[in-house]
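Single-structure report; data block below.
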Amino acid sequence: MTDTNTALAIMFADIAQSTKLYDKIGNTAAHALISSCIAVMSEVCASHGGTIVKTIGDEIMCTFPTTKDAVDAAMRMQAALDKIPEADLAGYYSPDIYVGIDYGPVIQENADVFGDAVNVAARMVKMAKRRQIVTTRQVIDTLPQDYAEYCRCIDNVLVKGKSEELAVYEIVWEKEKITVALKSSGEGRSLIRHRLKLQFGDKTFEVSDSRPAVSIGRLDHNDVVVNDNRVSRFHARIEYRKDKYFIIDQSTNGTYVTEDGADTVLVLRDELQLGNSGMLDLCNEKTSRSSPTMILYTISYYKASEPEATAKSVE
């Protein structure tokens, strides 16, 4: 049977870094944990009026009659995964998920779903970071008004098959990240603001839209001065671009980046988008809080009315 007149919310939910599970806890335990996660996500989907269209390895695709149902389910899925009993984790931590959602007319045929909304939702999940819900203006416009406080525009991207850029939104669902409502007019850049804080020794430095770059290196000209002969004179920069933070390495030996819960990555004459928190080490592959060349970083959220500290150190 084919139905071409139905508008549905389409969600893709993908277990983050599932490949790493197999390396860390072995095939049998990893397969069991992923299967348990899929079962939890499927149960949440059904409890919010959703339908599982298909399971693709560590990812589920589902439909919902309304965008509210889809967003509520997305929020609930991660919360439910956080509550998986420790005994079922095989020594691993509770997996995070990436979520992408779109809304629009679809073709339903032989228990599958096709259409532009499916393609866009698939693109959204690829843009999502861990524990992040990424969506479109079509979804935002059809949510109840009281959901506006959770939404912020984070980017504009080109999507295959579309001639104009698509506004991309994040639905900020964790309590510590929710601050204030979306602006009521235009594209509505959110009043939710954020900044990246660097902690080096007893000094702190901040990067944000008002101070979009901080330099790190051995010479005094840098914002963050690391006095170690292994550190390059102008070693690296932290830059703010379109609500994201990047480390750009300019050094001889590279910078080691360890996002919380992830493996260490060497960035050498290249750049890397930073996650929510972690450590940078300008010399040592085995990052440690006791290393003299280690810098902590954290992205935090705040109300636009709160005063920002400057990027220079706060003694």
(message) Over the Cα atoms of the stretch 193-303, each weighted equally, I'd like the Debye log10 I(q)/I(0) at q = 0.20, 0.22 Å⁻¹, rounded to two decimals.
(response) -1.03, -1.27
(request) Over the residues of the chain, compute the C-alpha Rg and express it relative to 2.2 N^0.38 Å. (result) 1.09
(request) Could you work out the longest stretch of the chain that avoids the trypsin sites (Lys or Arg not before Pro) located in DSSP loops with at most 16 other Cβ atoms within 10 Å? (result) 1-82
(request) Over every pair of different alpha-carbon atoms in the stretch 228-283, take the mean of 1/r and invert it; report that Kirkwood radius in Å. (result) 11.5
(message) Using only Cα atoms and rounding to the nearest 10 degrees, what angle (0 to 90) does helix 67-82 make with the longest principal axis of the chain?
(response) 60
(message) Just to be sure I understand the curve: with the Debye formula and one point per C-alpha of the stretch 2-190, what is log10 I(q)/I(0) at q = 0.12, 0.15, 0.17 Å⁻¹?
(response) -0.57, -0.88, -1.09
(message) Once you keep just the Cα pairs under 8 angstrom separated by 6 or more residues, what percentage relative contact order results for the chain?
(response) 13
(request) For T51 and D155, compute 0.36 nm times the residue count separating them, minus their Cα-Cα distance, and round to one decimal in nm. (result) 34.5 nm
(request) Counting only DSSP beta bridges with both residues in the stretch 2-190, tell me the antiparallel percent, nearest 5. (result) 90
(message) If I model a spin label as a point 7 Å beyond the Cα along the Cα-Cβ vector, how far apart are those points for R233 and D112 in nm?
(response) 6.0
(request) Apply the Karplus parameterisation 6.51 cos²θ - 1.76 cosθ + 1.60, with θ equal to phi minus 60°, to every residue of the stretch 129-136 and state each ³J(HN,Hα) to the nearest whole Hz, in sequence, with x for glycine and proline. (result) 9, 4, 6, 10, 9, 10, 8, 10
(message) Compute the helix-to-body angle for 27-47: its Cα long axis versus the longest principal axis of the chain, expressed 0 to 90° and rounded to tens.
(response) 60
(request) Mind checking which of A80, L33, P95 is farthest towards the positive end of the stretch 1-145's charge dipole, using Cβ charges of +1 (Lys, Arg) and -1 (Asp, Glu) about the Cα centre? (result) P95
(request) State which entries of K68/K244; K129/K242; K83/K126; K20/K242; K197/K244; K20/K54 exceed 18 angstrom in Cα-Cα distance in the structure shown. (result) K68/K244; K83/K126; K20/K242; K20/K54
(message) If the only charges are +1 at each Lys and Arg Cβ and -1 at each Asp and Glu Cβ, what is the size of the charge dipole of the chain around the Cα centre, to the nearest 20 debye?
(response) 720
(request) Could you pull out every one of the aspartates and glutamates with an alpha carbon less than 17 Å from that of K160, ignoring same-chain neighbours closer than 8 positions? (result) D102, D116
(message) Can you show me the helix-derived [θ] at 222 nm for the chain, built from DSSP H runs with n ≥ 4 at -39,500 (n - 2.57) apiece and divided by the number of residues, rounded to the nearest 500.
(response) -6500 deg cm²/dmol
(message) Give me the dipole magnitude in Debye, nearest 20, for the stretch 1-101 about the Cα centre, with unit charges on the beta carbon: positive for Lys and Arg, negative for Asp and Glu.
(response) 20
(message) What does the charge count around S47 come to, taking other residues whose C-beta lies under 12 Å from its C-beta (Lys +1, Arg +1, Asp -1, Glu -1)?
(response) -2
(message) Under 5 Å between amide hydrogens, which residues at least 5 positions from Y103 or on another chain qualify, with H placed 1.01 Å from N in the peptide plane?
(response) I10, V139
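Quick note: the coordinates plus some simple rules give every number you see, no bench work behind them. Remember, predicted model here, so these are calculated numbers, not experimental data. For neighbour counting, all protein chains shown are included, and Cβ atoms are generated from backbone atoms with ideal geometry for every residue, glycine included.
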